[in-house]
Every structure is written in structure tokens, then in C-alpha cells.
Amino acid sequence: MSEAIALSLISHTNAGKTTLARTLLGRDVGEVRDAAHVTSESTPYPLIETPAGDALILWDTPGFGNSARLARRLAREGDPVGWFLTQVWDRFRDRALWHSQMAARTVRERADVVLYLVNATEAPADAGYLQPELDVLAWTGKPVIVLLNQTGPPRPVADEHGDEVRWQTALGSRPFVGAVITLDAFARCWVQEIALLDVIRDVLPPAKRPVFGRLAAAWHARHMARFEQAIEALAAPIARAACDREPLPEDLKATLRDVGRTLGIGSDDRDGAKARAAQALAARLAADVRASTDELIAIHQLRGRAARQVLEGLAAAVSVDAPLPAGKAAMIGGVVSGALTGVAVDLAAGGLTFGAGLLTGAVLGALGGAGVVHGVNVARGKTGAALRWDDAFLSRQVAAALLLYLAVAHYGRGRGDWVADEYPAHWLPLVARIVDTRGDALRAIWSRREGACDAGEMASALRAPLADAAYEALQALYPGTLIERHDGSSPAPT
């Protein structure tokens, strides 16, 4: 027999309930405006359903306005005067107050758990509405989970915990408050939604927990399927870049003669030919990553597309793939870098910088000049020169992909169209460390591109370390949250 569990989203007016509802539901519902009492009726939305017909329902409710008057009205609901004020006077003379009363009654009649949203930018002592609204929540007789909203961009876990403790202390000992957790409508991560389900289970009566367990499992499976799709979308362009080559149009002898011209001692069309070859290589990667970013955005039920940006510093990431001694290879590497420096700023293509300028930093650290020797010497049996991406650059693309994944996974739909922002500072060293510990595994993968390079096989090999790295990053950002893979394993502790 199928069952339903109802969650009611409650808050002071204009605190972001509908925005959070859009983020949790993954679709646009209700109306969002910077005004009071935008939501006028309680509306149910299915959050998750199981094949057996079980349903987790999210109710979006009108916000509380004059909370003190609301608490007084509800306290008098049993006497004739109170009935008259509610059903007659308020209904026609104070619609906002009447809607708030109807919302409170809907919660008491239908909800299993109340999600009470508060504005974390306010100090609890400054929220004059808090005490009367807690009285209203007590009147409903339902267990309450307090959600801290408007916390800003993702922060280190210690900072979030500090806010939670501050609000928990202000709320005091109230038996109906089951937990205080952070869940910002703009910047929550799906891992935090899993944590929310855990605390909802803990406050439900025992008879409701079996059905909720089925619903939570379906919710988790949905997110894990989305995670696996995201990893595939991230791995594919890196794999194709690893296999990509762009032949140089001139022979190697002519290339060596062009050293002087590239340094400014004369020039002809050969320099432009080398620049165009590198530009073609870069344009393919930029277009591929932009398409992958758009796919990642869609996988996470967001709107918008990857931004168009200018690629800078690309030359240092390109290596020459040719059968040459180390000394000559280093010279050619310098030639290619010099030829590209002047045109890199003209390569307008979005996505490759992942919205936060990461590529610039990655490229500055990539191999160039004499650093191309390793890439050259492992290429045997070639008859012509070609450009390709360097191993170090490809490894840095893995770091960029992880940062992009975290940015998209933390972007709430209620925020609106996808916009690439600067990454939180604490993400950068974390991702760098995680990728660095997998350096040997990545180098082994890049070594497979010698000879015939199959981008499909390369992507398949790359998915496992990329997924492991993403798991480790999520576990580090949200310690104590159990994220199980489909094979039943979980990330190694960090």
C-alpha cells in the first residue's frame, strides 16, 4: 500500500521559501519577487515518488507577516470571538493575516514535518518575529527542522557550524525543534539535501520511517544517477583533448629555420600557419568543454549556458609532438609558444576557463619550452610534427573539471540562470591536493594516448579517478555525510 509524507515549508514572509522550493524540486514553481506575501495559498508539490507509489510532498505556504497577531489569533481559535475574527473579519479586511492563519492550519492538518526557514544574515536577537512564530510552530504540534537560508556562497564547514550553534542557542530547549542545519536556496549542495533527509527521518514517528526510508533511497538514487552523468560529461572533453592532434603544415627543417622569425628577426606566413594550427586545437577544446558545461547545467536541472570568455595564456599548454632530439624539441616548443602568445587573446570561446579564470593559472604552471621534451620523446615513429596538449595541462583540466562540478552542484535553481562566479577560496587548495595525490594514476592514463588514441577508452579510464576525486572533495566539504555509491561502497575517509 502506497503512503505519502508531507513536508511544509514555513517562514516569515519574503524569506525565500519559494526560491528554496524551486531548488529542491528542480523546476520553477510559484512566483518569486522581492516583496511580502507573494505566495498567497498553500500548494503541494511532489518532491520524490517511488515505483510503489509512495510520495514525498513539499508544501509551499504563505509567509508569516504580522507574527504576533497571528499567534494571538490562533490562541483564540476555540472561542466565538476568535472564530468571528478569523472567518469573517480577517478574511475580508486583512487577507494577509487570513492567509497566514490558513497556512498554519494546513500545517497542523497535513504536515508530518515542518521546515522552518530563517534568514541567517540576521542575528537571532534582531529577528523580532522569531518568538511569536515559534509559538505558532508549537501550536501546530509538528516536529520542526530549522533551515538557515541566505548564508551566502559556500563556506568552510566550521563557519556553517558556528551559525548553526548560534541559532540553536537562541532557540533554546524546545522539544519540537529537532535540528538546525544550513540549507541555502542559492548555494546548497545535493549532499546537504541527503543530510536533511537524515534529520527528517530522525524526527518522524516510528510508524512513518519505513515509507520514508523508501523515499530517501529513491532520492539518493536520483542524485547518484545525476552524479554519474556529470562525471561522464566532465571526462569526455578531457579525453578527447588528450587524443587531439593538429598537424603542423611545414616540415621540421623549415620549422627550425623559423626560430629567428618567431623571435622577431623577420617573418613570413609560416608563423601564421603555426598560430592557426594551435588556434584550431584550442578552438576544438573550447567548444567541446562549453558543450560539456551546458550538459552539466542541464543534468542538474538548471537553466542557462556556459559563458563566452576570452582564452588567455594558451600557448604554454601546447607541446610539439615530433620525433626530435631533446634540444631541438625544446627550441620548437619555444617557437610555438612565441607564435601563439600574440593570438591567444583572440580565441574567444566560452567554458574553457570554467568561469573563474582557472585555466590561466593552470596554463601558467603547464609545461612549455624545454618542458615539452618528455612529450616529444615518447612519440615514436612519426613522420611529421603536430601540436597536442601537454600531460600537465590535461591533469590541470581534471582539477578544473572538479571545480566546475562543485560550482554547478552548489548552484540552486531558485537562484535563476547559471552564472559562473569566483570559486570559494577553500575549494582551490582542496581540489589541488586531491588531484595531486592522483598524479601517478593520471599520468598512466595520459600515457595511453601514444600511438592510436581512442577517446572513448580514454574517457572510460578517466571516469573512475575523476569520480573518486569528486567523492573525496564532497566528503571533505561535508564530513560525516554518508554518500554511498551504486556498488554499495563509500568514499575513503579524508
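The values are calculated or read from the model by the stated rules, or taken from the named source; none is laboratory data. Because the structure is a prediction, the values reported are computed rather than measured. Every residue, glycine among them, receives a Cβ derived from its backbone with ideal geometry; neighbour counts consider all protein chains shown.
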Please go through the stretch 152-170 and give me each residue that is touching a residue at least 60 places away in the same chain (Cβ under 8 Å) and closer than 16 Å to Ala185 by Cα, ordered by number. Pro153, Pro154, Arg155
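I'm checking my understanding of the structure. Among residues of the stretch 412-425 that are outside any helix (DSSP H, G or I) and touching a helix residue (DSSP H, G or I) at 6+ places or on another chain (Cβ under 8 Å), which one is nearest to Arg222 (Cα to Cα)?
As a first pass, look at the stretch 412-425 and keep what is outside any helix (DSSP H, G or I): 412, 416-425.
From what's left, touching a helix residue (DSSP H, G or I) at 6+ places or on another chain (Cβ under 8 Å): 412, 418, 420-421, 423.
Details: Gly412: 16, Trp418: 21, Ala420: 25, Asp421: 27, Tyr423: 26 Å.
Among those residues, the one meeting the criterion is Gly412.
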Quick one: in the stretch 201-234, of everything that is under 16 Å from the mean Cα position of the chain (by Cα) and of a type in the set (A, V, I, L, M, F, W, C), which residue is surrounded by the most Cβ atoms within 10 Å (Cβ to Cβ)? Leu234
Consider Ala254 carefully, then state whether it is at pLDDT below 90, in a helix (DSSP H, G or I) and farther than 14 Å from Leu56 by Cβ. yes
Out of the residues in the stretch 439-471 that are of a type in the set (Lys, Arg) and surrounded by fewer than 20 Cβ atoms within 10 Å (Cβ to Cβ), which is farthest from Arg396 (Cα to Cα)? Arg448
Scanning the stretch 182-205 for residues that are of a type in the set (A, V, I, L, M, F, W, C) and part of a helix (DSSP H, G or I) gives Trp190, Val191, Ile194, Ala195, Leu196, Leu197, Val199, Ile200, Val203
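From the list Ala476, Ala461, exactly one residue is at pLDDT 90 or above and within 17 Å of Trp190 (Cα to Cα). Which is it?
On inspection, the qualifying residue turns out to be Ala476.
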Subset of the stretch 121-148, residues part of a loop (DSSP other than H, G, I, E, B) and among the hydrophobic types (A, V, I, L, M, F, W, C), comes to Ala123, Ala127
